[in-house]
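Following: one structure in structure tokens, then a few remarks.
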Ligand code: SF4
Ligand code: SF4
């Protein structure tokens with residue numbers, strides 16, 4: 001489920017707002033989208049895949065975390081935007097390469113395959 005929109009990283013492109021199939025985000029007055037309807041999140045990772053600056057974190061569990069995750073810790077661990085990186089989206093990457101040969105997504109929660 002979507003947990004974080006990083007105010008430090010977001011450039012206000014609204015891609016996440018556009019691609020979310022369940023209209024979870026509202027466009028922010030300051031350009032940074034807000035998570036307005038978290039319960040509607042389908043944990044599809046589309047927003048994280050499309051975010052060009054790795055400003056989003058979708059936790060693989062299908063329920064909100066009891067405590068919001070620590071954005072700085074996630075950033076330090078390279079977890080913000082990790083889904084986009086692992087599917088090979090973004091300049092200079094090869095789409096699908098990592099998923100074809102690499103391990104299951106390394107997220108803070110249980111593996112997606114379990
Ligand atoms: S994970 Fe999917 S459903 Fe959830 S906020 Fe992102 S795009 Fe929307
Ligand atoms: S896709 Fe990323 S940069 Fe664009 S508005 Fe959403 S969080 Fe911000």
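Nothing in this text is a laboratory measurement; each read-out follows from the coordinates by a stated rule. This one's a predicted model, so the numbers in the text were calculated from it and none came from an experiment. Don't worry about glycine lacking a Cβ; one is built from the backbone with ideal geometry, like all the others, and counts go over all protein chains shown.
Of note:
- Taking other C-beta atoms within 10 Å as the exposure proxy, 18, 71 rank 18, 71 from fewest upward.
- Residue ranges 35-46, 72-83 sort as 72-83, 35-46 when ordered by packing (mean number of other C-beta atoms within 10 Å per residue, highest first).
- Cα gyration tensor shape for region 2-100, rounded if a/c is under 1.5, else prolate or oblate: rounded
- Region 50-99 shape via C-alpha gyration tensor axes, a/c threshold 1.5: prolate
- Value of relative contact order over region 2-100, rounded to a whole percent, pairs C-alpha under 8 Å and six or more apart: 28
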